[in-house]
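A short worksheet on the structure shown next.
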Amino acid sequence: MNPLSIAQTIQDKFPKEVKEIVEFRKQVSVIIQRDRAKEILAFLYFNKDFNFDYLVDLCGVDYMGQKKPRFEVVYNLFSMKHRHFFRVRVEVDEDTQDAPDNLSVDTVTDIWRGADWHERECFDLFGIRFKGHPDLRRILMPEDWEGYPLRKDYPLKSDLGDMEWQEYKDLIEFSEKAKQYEVR
Amino acid sequence: MTKTKDALRQRELTINMGPQHPATHGVLRLVLEIDGETVIKCTPYVGYLHRGTEKLCENRTYLSAMPLMDRLDYISSMANDVGYCVAVERLLGIEPPERAKFIRTMMCEMTRISSHILWLGTHALDIGAMTVFLYSFREREWIMDLFEMVCGARLTVSFPRIGGIRNDVSQEFLDSLYKFAEEFPSRIIEYETLIDQNRIWLQRTKGIGVISAEEAVNWGFTGPTLRGSGVDYDVRKYMPYDAYEQVDFDVPVGKEGDVYDRYRCRMEEMRQSVRIIKQCIEKLPKGPIMTPDAPKFTLPPKDKVLKDMEAMIHHFVMLTKGPLTAPVGEIYSSTEVPKGELGFYIVSDGSGRPYRMRLRSPSFVHVSALPRLCVGSLVADVIANIGTIDVVLGECDR
């Protein structure tokens, strides 16, 4: 099925949620609002004409300073039966004091089991929470790590000072202590 | 009396497997809860090799991110490089010339053979067939020598470039590769003689780690791990890149979805790879190896750089600033690496560096499904399951 007509069908069915349809190099993606994201994704999975049974990839993108809802969760979908490819981008905003629940999306692990670790990784590196995820822990970074490394305001390399990882600080301290026993 | 009863009380045991364990193929840690010999819970822990490749890519130009790709799946680095180049080419909208396409395809298939040979050797070693390991490393060495012949490196090759390849191949190389392709099928038969009908091998692999086609797709399996369950999904056929449209090959699929079928798939795939390599050598066209119609995106040829002032400046700008005119947009591009589908999701903001580079690695997805494969089976089958999904932790942790 032509990806543009898929996008059109979604827009007809969910006119309020779809913000924009983007086409670049023959790949089409729809940008949708967060609130009914899961409903739209489930629609793409269960509808017989679309049948997106394979979640190729799920990842986050940080558009800090580029556009207003700061984050995006990107779902790349593929259908084994119809052999078509489609992309859904869900806009997620930062947490604020008035809305502490902003930075979260509904999980899709009950639709695609493979989303499990992708969502954990997204949480680990961007801090986006997935509501209803069975086991939302850090995955690539150490469990006691602070901060979310793939955000644009996270430095690539710098002296973190007090923000430094505790285990690394312990290691430095230990090696300082061990110096006094050095044989010269 | 009560004391004896307490001593004989059965309880579940939690054991830690890895991260330093010869059968985990890297630094994979599994926490197993076992009841006797049966696994009742399995929790994989990854991240020991996390190097922040995605973050590094965002801070490098498109050209200089290439060596990082070698270090993802370090036993099939050529396929990763090609995957990366295809992704960036699709983003920039350029096409490599025909000759470069055929050479890349050839290289990809050589990588597939070398990766599958290593997999076969280590997988068999894990299950208890030592001899295959020694035989398979003999052929792997041969392929490594061929790689060395074409680009000077054995493991971290960095051979393809955006818009082509680094250097042309010699006739001598093509002849030795053809000789290898002629010889190799007989070596596959040798491996098969060792294990294919072996009763121990069959008992350790048949009916172990069974996963149905629907479930495997739902988990996001790709590559031979998925095809063992009978789904013919292959990126080379579904979304062709390079010269795969111009060569004939079949996609072998299994039926049962167990360890044995996945083993059969990989063995047949090696035969298909040989077929592709032969066709590539026979059809190899003459011509340039770097695309000439996109001079703003590709490096100028090295001999020109040393003679021509303009080319020298161009070379300098390309290496320091990168292709400055990358269009604004986002693209997902995937290629079939030996482990499965390696995907790149690149968001470009029009500068010489990717705004966001996401790597979808097959091993990461496969490791996430380990609990599904292992729970309910025996501890010894955990090893068979780790082997059958063919993980490389460098790629899993990125």
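A short reminder: the numbers here are calculations on the coordinates, not readings from a lab. The structure presented is a predicted model; accordingly, all values stated were derived computationally and were not measured. In this analysis, Cβ positions are derived from the backbone assuming ideal geometry, glycine residues included, and neighbour counts consider all displayed protein chains.
General remarks:
- Unique residue being under 24 Å from A:D135 (Cβ atoms), touching a residue at least 40 places away in the same chain (Cβ under 8 Å) and away from every other protein chain (no Cβ under 14 Å) when the list is B:S363, B:S377: B:S377
- Residue within region B:110-121 that is part of a helix (DSSP H, G or I), farther than 30 Å from B:R199 by Cβ and of a type outside the set (V, I, T) present: yes
- Sole residue being touching a helix residue (DSSP H, G or I) at 6+ places or on another chain (Cβ under 9 Å) and without any contact (Cβ under 8 Å) to a residue 60 or more places away in the chain, chosen from A:N76, A:N102, A:N47: A:N47
- Checklist (1) surrounded by fewer than 22 Cβ atoms within 10 Å (Cβ to Cβ); (2) within 26 Å of B:P327 (Cα to Cα); (3) more than 14 Å from chain A (Cβ to nearest Cβ); (4) among the basic types (K, R) applied to B:R90, failing item: (3)
- Among the candidates B:G254, B:G230, residue that is within 12 Å of another protein chain (Cβ to nearest Cβ) and either without any contact (Cβ under 8 Å) to a residue 40 or more places away in the chain or crowded, with 20+ Cβ neighbours inside 10 Å (or both): B:G230
- Residue ID - farthest from the other protein chains (Cβ to nearest Cβ), chosen from residues in region A:93-138 that are crowded, with 21+ Cβ neighbours inside 10 Å and acidic (D, E): A:E119
- Of everything listed in (1) assigned to a loop (DSSP other than H, G, I, E, B); (2) surrounded by 21 or more Cβ atoms within 10 Å (Cβ to Cβ); (3) at the interface with chain B (Cβ under 8 Å from one of its Cβ atoms), the single unmet condition for A:M141 is (2).
- In region B:238-251, residue nearest to the other protein chains (Cβ to nearest Cβ) [restricted to those that are out of contact with any strand residue (DSSP E or B) (no Cβ under 9 Å at 6 or more places or on another chain) and not aliphatic (A, V, I, L, M)]: B:P240
- For region B:328-356, the tally of residues that are free of Cβ contacts under 8 Å to residues at least 60 places away in the same chain and either more than 7 Å from chain A (Cβ to nearest Cβ) or out of contact with any Asp or Glu (no Cβ under 8 Å at 6 or more places or on another chain) (or both) stands at 5.
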